[in-house]
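*Asks:* Provided herewith is a single structure, encoded as structure tokens, for subsequent inquiry.
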Amino acid sequence: MTPIAQTWIAGLGTAAGLGLAAGGWAYASLYPGSRIFGSALIAPNNPKELALTFDDGPNPEFTPRLLDMLAEHGIPATFFLLGRHAAAQPGLVRRIAAAGHQIANHSFSHPSLARSSEARIRQELTQARDTLEQITGAPVKFFRPPFGARRPATFRIARELGLTPVLWNAMTSDWSCPSADQIAAKLTAKIEKLNRRGRAANIVLHDASHLDQTAHRAPSLEAARLLAERYKPTRTFVRIDSWV
């Protein structure tokens, strides 16, 4: 083999190694089921339980409508709120808490914590936690990283701040889908698959957007209603804290 060929093959090996490393990092930092960068609360082995969770709120138009729907069906939920959105709508945050739903931390401004420094991670989580606790007067105990993105320090810092990291096992792109029926159908398929595996479902929907607090979320709300109507007769809806 010529020196040029040897160099070319060695280069391919290096590129392949880098590709595998990049793929491994992406899996560890983004895949909800990965524990490489630390474990998180997802869901227990109890197929009769469902947790509805809502990210990126509160939304001044759609969160009140969501609260009305949840009250109508007698369903508790967990709201992973952005600190900056909560600061703009403190009365709505208090309404969520007063209705018996769980308030949880989704960072202050929704950065990717997989690409943030340790100082930025701590600042985002602390500022959001303090904002929510000042509004509600109650401790905040749970945290979901924006995009699910984390690095090795993310969950460690969360736990140092008294926050239990939470991910999910049932989500679809409800933020970009205009059809509530499609959102509900995709989530139902995931819920039924989890049921066959003996697992509870930790469901993610969005009542706002990290880019726009007033984002249109009617399809997500209608999908939540469809899930409530389908599963309330046979399943138990719970808050995330019941799984600790």
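The numbers here are math on the coordinates, done by the rules we state, and not lab data. From a predicted model like this one, the values you see are computed outputs, not experimental measurements. Cβ sites come from the backbone with ideal geometry, for glycine too, and all protein chains shown count toward neighbours.
*Asks:* Using R₀ = 30 Å, calculate the FRET efficiency as 1/(1 + (r/R₀)^6) where r is the Cβ-Cβ separation of Lys232 and Gln134; round to 0.05. Mind showing how you got there, number by number?
*Replies:* On the way: r = 34 Å, r/R0 = 1.14.
Between Lys232 and Gln134 the formula returns 0.30.
*Asks:* Ok, one more. Considering only C-alpha atoms, what is the centroid distance from the range 65-91 to the range 181-244, in Å?
*Replies:* If you average the Cα positions of each part, the centres end up 14 Å apart.
*Asks:* Taking the mean number of other Cβ atoms within 10 Å as a proxy for protection, how do you rank 65-76, 214-225 from highest to lowest?
*Replies:* Numbers: 65-76: 16.6, 214-225: 20.2.
So the order, starting with the most tightly packed, is 214-225, 65-76.
*Asks:* Let me ask you something else. Using the number of other C-beta atoms within 10 angstrom as an exposure proxy, rank Ser209, Ser29 with the fewest first. Display every interim value, and only then the final one.
*Replies:* Details: Ser209 19, Ser29 22.
In increasing order of surrounding Cβ atoms, one gets Ser209, Ser29.
*Asks:* Taking only Cα atoms, what is the 0 to 90° angle, nearest 10, from helix 180-196's long axis to the longest principal axis of the chain?
*Replies:* That helix lies at roughly 70 degrees to the long axis.
*Asks:* If R0 is 35 Å, what FRET efficiency do you get for Glu61 and Tyr31 from their C-beta distance, rounded to 0.05? Mind showing how you got there, number by number?
*Replies:* Working: r = 33 Å, r/R0 = 0.94.
For R0 = 35 Å, the calculated efficiency reads 0.60.
*Asks:* Continuing with this model, one more query. Hey, quick one: spin label on Ser109, modelled 7 Å out along Cα-Cβ, who in the range 58-98 has an amide N within reach, i.e. under 16 Å?
*Replies:* Counting backbone N atoms under 16 Å from the label point, the list is 82-88.
*Asks:* Arrange Trp25, Trp168 by Cβ neighbour counts within 10 Å, fewest through most, would you?
*Replies:* On the way: Trp25 14, Trp168 22.
Ordered by Cβ neighbours within 10 Å, fewest first: Trp25, Trp168.
*Asks:* Multiply the residue separation of His73 and Asp212 by 0.36 nm, subtract the distance between their alpha-carbon atoms, and state the gained length in nm to one decimal. It would help to have the intermediate numbers written out before the result.
*Replies:* Values: separation 139, 0.36 × 139 = 50.04 nm, distance 2.80 nm.
Length gained between His73 and Asp212: 47.2 nm.
*Asks:* Can you work out the PRE-style zone for Asn45? Point 7 Å along Cα to Cβ, and I want the residues of the range 184-209 with backbone N under 13 Å.
*Replies:* It comes to 197-200, nothing else.
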